[in-house]
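Visitor: Quick one: this structure, given as structure tokens, is what I'll be asking you about.
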Amino acid sequence: MKRLVILISGRGSNMEAIVKACAAEGWPATVAAVISNRPDAGGLQFAAERGIATAVVDHKAYANREDFDAELARVIDGFAPDLVVLAGFMRILTPGFTARYARRMLNIHPSLLPAFTGLHTHERALEMGCKVAGATVHFVTAELDHGAIVMQGVVPVKPGDDAKSLAARVLTVEHRIYPQAVRWFAEDALIWTGECVAHRDGAAQQLLLS
Ligand code: GAR
């Protein structure tokens, strides 16, 4: 059984998708805890109602990123995770923190990386006239929104889209690809070659929605 610790900052819909898929599909994994840097994160209530341990490490209580990350790591390690899952966790992480969880920390980013790292991805995709958009699940490295790509989901940009409608469409694909990627990790199905990751049996690492 792989132990998962999921980090959120807000509503936690990706966390919810992972928790539900883990239970419904009988993954060889258990969600050991959901941790937030914001005490008011909506997702904490969902986790608590499912009987999952929750914790808050409020970044505002720490003088700098190093102190915050040290306390966050201490709390995470208390749950002895095999995998740390960043699900809408909106903090820049220090290199020491990312190194500690190298090859055992995943993130989802709402763009087709390496395009549009950082914030406001949907606004920027629309400004550029992109015809497709999507989301990327990747292992976390010290460089923001980089690291080996596990899975990408692609959706069309439709006439009349604004950032809100595009974000909603991308979120539907996020809820498909993130549980898939975490499940593969739990099943030990991800194989590293150099800095790239592939599925052991060649399963498709992209999902195209129309
Ligand atoms: C998701 O769209 C996720 O991709 C994005 O925040 C949202 C969280 O939603 N993450 C980032 O922008 C990370 N840089 P959720 O709390 O409902 O899962």
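Values quoted throughout were computed directly from the atomic coordinates according to the rules given, and no laboratory measurement underlies them. Note that this is a predicted model, so its numbers are computed, not measured. Methodologically, a virtual Cβ is constructed for each residue, glycine included, from the backbone with ideal geometry; neighbour enumeration extends over all protein chains shown.
Visitor: Can you tell me the 0 to 90 degree angle between the C-alpha axis of helix 163-186 and the longest principal axis of the chain, rounded to 10?
Guide: So the helix axis and the longest Cα principal axis differ by about 50 degrees.
Visitor: Tell me the label-point distance for the pair Ala115, Ile191, using the 7 Å Cα-to-Cβ offset, in nm and rounded to one decimal.
Guide: 3.1 nm
Visitor: Output ³J(HN,Hα) for segment 122-130: one whole-Hz value per residue in order, computed from phi by the Karplus curve 6.51 cos²θ - 1.76 cosθ + 1.60 with θ = phi - 60°, and x for Gly and Pro.
Guide: Karplus-based 3J(HN,Hα) across segment 122-130 equals 5, 4, 5, 5, 5, 4, 7, x, 4 Hz.
Visitor: Right, here's the next one. Going by average Cβ neighbours within 10 Å, how do the peptides 20-28, 111-119, 156-164 rank, with the highest at the top?
Guide: Ranked by mean Cβ neighbours within 10 Å, highest first: 111-119, 20-28, 156-164.
Visitor: In whole Hz, with x marking every Gly and Pro, tabulate ³J(HN,Hα) for segment 90-97 from phi via Karplus 6.51 cos²θ - 1.76 cosθ + 1.60, θ = phi - 60°.
Guide: With coefficients 6.51, -1.76 and 1.60, one gets 9, 10, 6, 9, 6, x, x, 5 Hz.
Visitor: Hey, another quick one. Determine the sum of side-chain charges near His109: Lys and Arg each +1, Asp and Glu each -1, restricted to other residues whose C-beta is under 14 angstrom from that of His109.
Guide: Residues close to His109 contribute a combined charge of -1.
Visitor: May I pose another question? Specify which residue in the list Val137, Met105, Gly153 is farthest towards the positive end of the charge dipole of segment 55-185, using unit charges on the beta carbon of Lys, Arg (+1) and Asp, Glu (-1), about the Cα centre.
Guide: It is Gly153, whose Cα lies furthest towards the positive end.
Visitor: Using only helices, what value at 222 nm comes out for the chain when you add -39,500 (n - 2.57) per DSSP H run of length 4 or more and divide by the total residues, to the nearest 500 deg cm²/dmol?
Guide: Calculated mean residue ellipticity at 222 nm is -10000 deg cm²/dmol.
Visitor: Alpha carbon centre of segment 14-54 versus segment 118-189: separation in Å?
Guide: 21 Å
Visitor: Rg/Rh for the chain: what does it come to with C-alpha atoms and Rh from Kirkwood? Show your work: numbers first, answer last.
Guide: Working: Rg = 16.5 Å, Rh = 17.4 Å.
Rg/Rh: 0.95.
Visitor: Search the structure for amide H atoms under 5 Å from the amide H of Gly134, placed 1.01 Å from N in the peptide plane, and list their residues when 5 or more places away or on another chain.
Guide: Placed amide hydrogens put Leu112, Val155 under 5 Å from Gly134.
Visitor: So for segment 31-100, considering every pair of alpha-carbon atoms, how many percent are separated by more than 20 Å?
Guide: On the way: 599 of 2415 pairs.
Beyond 20 Å sits 25 percent of the P(r) for segment 31-100.
Visitor: Karplus couplings for segment 144-149 from phi (6.51 cos²θ - 1.76 cosθ + 1.60, θ = phi - 60°), rounded to Hz, Gly and Pro as x?
Guide: Coupling constants for segment 144-149: 4, 6, 10, x, 3, 7 Hz.
Visitor: Here is a further query. Can you give me the Kirkwood hydrodynamic radius for segment 83-134, using every pair of distinct Cα atoms, in Å to one decimal? Don't skip to the answer; put the middle values down first.
Guide: Working: mean 1/r = 0.0797 Å⁻¹.
It is 12.6 Å.
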